[in-house]
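The values are calculated or read from the model by the stated rules, or taken from the named source; none is laboratory data. The structure presented is a predicted model; accordingly, all values stated were derived computationally and were not measured. Virtual Cβ from ideal backbone geometry, glycine too; neighbours counted across all protein chains shown.
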Amino acid sequence: MPDLIPDTAAKPQAPIAFIDLDAQRRAIGARMEEAILRVVRSTQYILGPEVRQLEAELSAFAGVPHTLSCANGTDALALALMAWNLRPGDAVFCPAFTFAATAEVVAWLGATPVFVDVREDSFNMDPASLEAGIETAKRAGLAPRAVITVDLFGQPADYDALLPIARAAGLKVLVDAAQSFGATHHGTHVAAIGDMAATSFFPAKPLGCYGDGGAVFCHDPETLDVLQSLRVHGQDNQDKYENVRVGMNGRLDTMQAAVLIEKLRVFPDEIAARQRVADRYNAALADVAIVPSVAAHNVSVWAQYTLRIPGRNRADVLAALKARGVPTAIYYPKPLHHQKAYARHPIAGNGLPVSERLAAEVFSIPFHPYLDEPTQDRIISAMREVLA
């Protein structure tokens, strides 16, 4: 019998997923499959009992009196603004460095998005730029009505500064928590900050379903009553064939609610796991890139791990990482005020230089709560090799 010779040839490494949704599925798969099957067996596919259960559990988790689930995060933003009766001639202040949905819903209603700059340290709305934006809107003959803060990449915005500015100007505050649901500011969940909050349950979000989903959070039963009507074609909540306002078809289906109920059970542990990954990344990469920072009074849910590389050719860096098996993404390559659909809308002050600079510098690397340390080390090694 010949001697056994150990195989020393290098074995191909498994591909790295940017966000590994299958890792979570494997961790809670049995409970998830049973929850989905219960809905299938019940045949209550629209506004079944799981929808009401989810809304109650989201309220309890976030410390908000009332939650309304809906079809997606964009509808969540729109429902909040519709409840405030936004009209043409109204100004709504939005950061320019964000996803288009934030401004899109304002334009849907005929109101005017006024773009505001962000801060380099947090990627979130700059309070000084918000003040400039309010003056810009007034000079343009617009009526300042609301501000949509965006907690980008999972960190709460600077509400200590933003809320007093909004109150002094008579603005409603809508917290866009599409990337930050589960984060806290001075111990308060972001969904409980402001007049209303909206979030997304898109699969890649920190708390995501198996399709599209969203939610609106509010503080009084009267607003909830309006939101419930708007969610189902503006119907009267006592007589579904009496439409008392113009609404939408924005319901969350029961199966997605069942998925979210199960995911909410492991969500606190996942938030802690996200922080551990972020801590390792920060410790290993702070000397080769500008790593994200979180204010001492905030807890982030780290929707993305986004770095800056000023002075470097980003395209070359991303190509080199791709060659080493590390996927990347750019959030966001073009600020909203430079995009064709929004270029005609006002901007705060004399320009938005930070948003423009960040769009040219940022990129995100693989990040999720199930990212094991050996895979983290592969990513870190490639990053250091490329950026050193």
Those residues that are outside any helix (DSSP H, G or I) and either at pLDDT below 95 or surrounded by fewer than 12 Cβ atoms within 10 Å (Cβ to Cβ) (or both), I need them from region 23-46; list them, please.
THR43, TYR45, ILE46
Matching residues, region 210-225, being in a loop (DSSP other than H, G, I, E, B) and surrounded by 24 or more Cβ atoms within 10 Å (Cβ to Cβ):
GLY213
Looking only at region 264-287, and only at residues there that are surrounded by fewer than 16 Cβ atoms within 10 Å (Cβ to Cβ) and among the acidic types (Asp, Glu), the one that is farthest from the chain's Cα centre (by Cα)
ASP287
Residue list for region 333-348, restricted to those being buried (at least 17 other Cβ atoms within 10 Å of the Cβ) and over 21 Å from the mean Cα position of the chain (by Cα):
HIS345, PRO346, ILE347, ALA348
Only one residue in ALA96, ALA103, ALA107, ALA128 is modelled with pLDDT of 95 or more, out of contact with any Lys or Arg (no Cβ under 7 Å at 6 or more places or on another chain) and within 22 Å of ALA215 (Cβ to Cβ). Which one?
ALA103
Have a look at ALA320, ALA341 and point out the one that is among the aliphatic types (A, V, I, L, M) and assigned to a helix (DSSP H, G or I).
ALA320
Quick check, is GLN304 under 28 Å from TYR210 (Cα atoms), crowded, with 16+ Cβ neighbours inside 10 Å, out of contact with any Pro (no Cβ under 8 Å at 6 or more places or on another chain) and not assigned by TED's automatic domain parsing to the domain that holds ASP121?
yes
In region 186-198, what residues are farther than 19 Å from ARG145 by Cβ, out of contact with any helix residue (DSSP H, G or I) (no Cβ under 6 Å at 6 or more places or on another chain) and surrounded by 20 or more Cβ atoms within 10 Å (Cβ to Cβ)?
VAL190
Filtering region 230-247 down to residues that are farther than 14 Å from LEU81 by Cβ and either among the aliphatic types (A, V, I, L, M) or surrounded by 20 or more Cβ atoms within 10 Å (Cβ to Cβ) (or both) yields VAL232, VAL244
Just to check your reading of the model, which residue among GLY187, GLY182, GLY133 is of a type outside the set (Asp, Glu) and under 26 Å from ALA329 (Cβ atoms)?
GLY182
Restricting to region 264-320, name every residue that is on the phi > 0 side of the Ramachandran plot and of a type in the set (Gly, Ala, Ser).
GLY311
ASN243 passes all but one of (1) modelled with pLDDT under 95; (2) not assigned by TED's automatic domain parsing to the domain that holds VAL190; which number fails?
(2)
Is it the case, given these coordinates, that ARG87 is of a type in the set (Lys, Arg) and either surrounded by 24 or more Cβ atoms within 10 Å (Cβ to Cβ) or under 16 Å from LEU230 (Cβ atoms) (or both)?
yes
